[in-house]
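The values are calculated or read from the model by the stated rules, or taken from the named source; none is laboratory data. As the structure is a prediction and not an experimental result, all values here were calculated from the model. Quick reminder, even Gly has a Cβ in these numbers, built from the backbone with ideal geometry, and neighbours come from all protein chains shown. Keep in mind that these areas ignore ligands, DNA and RNA; they rest on the heavy atoms of the full protein, side chains included. Shrake-Rupley method; radii C 1.70, N 1.55, O 1.52, S 1.80 Å.
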Amino acid sequence: RAPGGWVVTTDLDGRGAELLASGLRNTYDIAFGPEGELFGYDADMEWDVGMAWYRPPRVLHLVSGADFGWRNGSGKWPAYWPDTLPSVVDTDLSSPVGILYGGELAAFAPRDRGALFLGDWAYGRILAVDLEPRGASWGGTVRPFVSGKPLPVTDLASGPDGALYV
């Protein structure tokens, strides 16, 4: 039910929880980016494809106080409403799972160490988002990084060797 998924911050004892952001549809994972800010890869509502209120899977910059407007059915807030925030970038159809910032991947090339990596379970691929500062937030461009059939990605992690583990 509205306002959908949310992110809270808390201490080690689980006390003092504070709501950081809400209005997420189905964000399975979050990752800290280049400046220590938080990102999530949020899912679409598959059966809404073609409807006026459809929103594609998208990378969100999870900032304090944000409500990204996910609501049941046609009640979603459009990204252009003044009381919500736009995405960093939208992707094509996908099934978002893990997200990882490339800065954790010491064995990777400089371009990839500045990217966010997105796991897509349904279409068997990993997407890379090349981040670009955009005002007080971020924008980006999406590029394929790895794909396979089958490659049902469920999570992404960096190893002690600086490699990407899938």
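Data table
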{"read-out": "Which listed residue, of Gly23, Gly98, is open to solvent by less than 30 Å² (accessible area, probe 1.4 Å) and within 30 Å of Ala163 (Cβ to Cβ)", "value": "Gly98"}
{"read-out": "Residue in the range 54-63 that is least open to solvent (accessible area, probe 1.4 Å), counting only those that are out of contact with any strand residue (DSSP E or B) (no Cβ under 6 Å at 6 or more places or on another chain) and touching a residue at least 24 places away in the same chain (Cβ under 8 Å)", "value": "Arg55"}
{"read-out": "Single match in Thr91, Thr84 (criterion: surrounded by 17 or more Cβ atoms within 10 Å (Cβ to Cβ) and polar (S, T, N, Q))", "value": "Thr91"}
{"read-out": "Test: residue in the range 29-36 that is aliphatic (A, V, I, L, M), closer than 14 Å to Trp138 by Cβ and either at pLDDT below 95 or open to solvent by less than 20 Å² (accessible area, probe 1.4 Å) (or both)", "value": "yes"}
{"read-out": "Any hit, the range 3-11, residues being crowded, with 21+ Cβ neighbours inside 10 Å and modelled with pLDDT of 90 or more", "value": "no"}
{"read-out": "Residue in the range 124-139 that is nearest to Tyr28 (Cα to Cα), counting only those that are part of a loop (DSSP other than H, G, I, E, B) and either out of contact with any Lys or Arg (no Cβ under 7 Å at 6 or more places or on another chain) or in contact (Cβ under 8 Å) with a residue 60 or more places away in the chain (or both)", "value": "Ala136"}
{"read-out": "Output for the range 143-159, where each listed residue is more than 21 Å from Gly33 (Cβ to Cβ) and open to solvent by 70 Å² or more (accessible area, probe 1.4 Å)", "value": "Ser147, Lys149, Pro150, Pro152, Thr154"}
{"read-out": "Residues located in the range 84-117, provided they are out of contact with any Asp or Glu (no Cβ under 7 Å at 6 or more places or on another chain), part of a loop (DSSP other than H, G, I, E, B) and of a type outside the set (Gly, Ala, Ser)", "value": "Leu85, Pro86, Val88, Thr91, Asp92, Leu93, Phe108"}
{"read-out": "Residue match in the range 1-18 (condition: farther than 18 Å from Leu116 by Cβ, among the acidic types (Asp, Glu) and in a loop (DSSP other than H, G, I, E, B))", "value": "yes"}
{"read-out": "Residue match in the range 43-63 (condition: within 12 Å of the chain's Cα centre (by Cα), among the charged types (D, E, K, R), within 24 Å of Asp130 (Cα to Cα) and part of a loop (DSSP other than H, G, I, E, B))", "value": "yes"}
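Quick grid of which residues meet (1) assigned to a strand (DSSP E or B); (2) touching a Pro at 6+ places or on another chain (Cβ under 9 Å); (3) at positive phi:
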residue	(1), (2), (3)
Tyr80	no, yes, no
Ala122	no, yes, no
Thr141	yes, no, no
Phe145	yes, no, no
Thr154	no, no, no
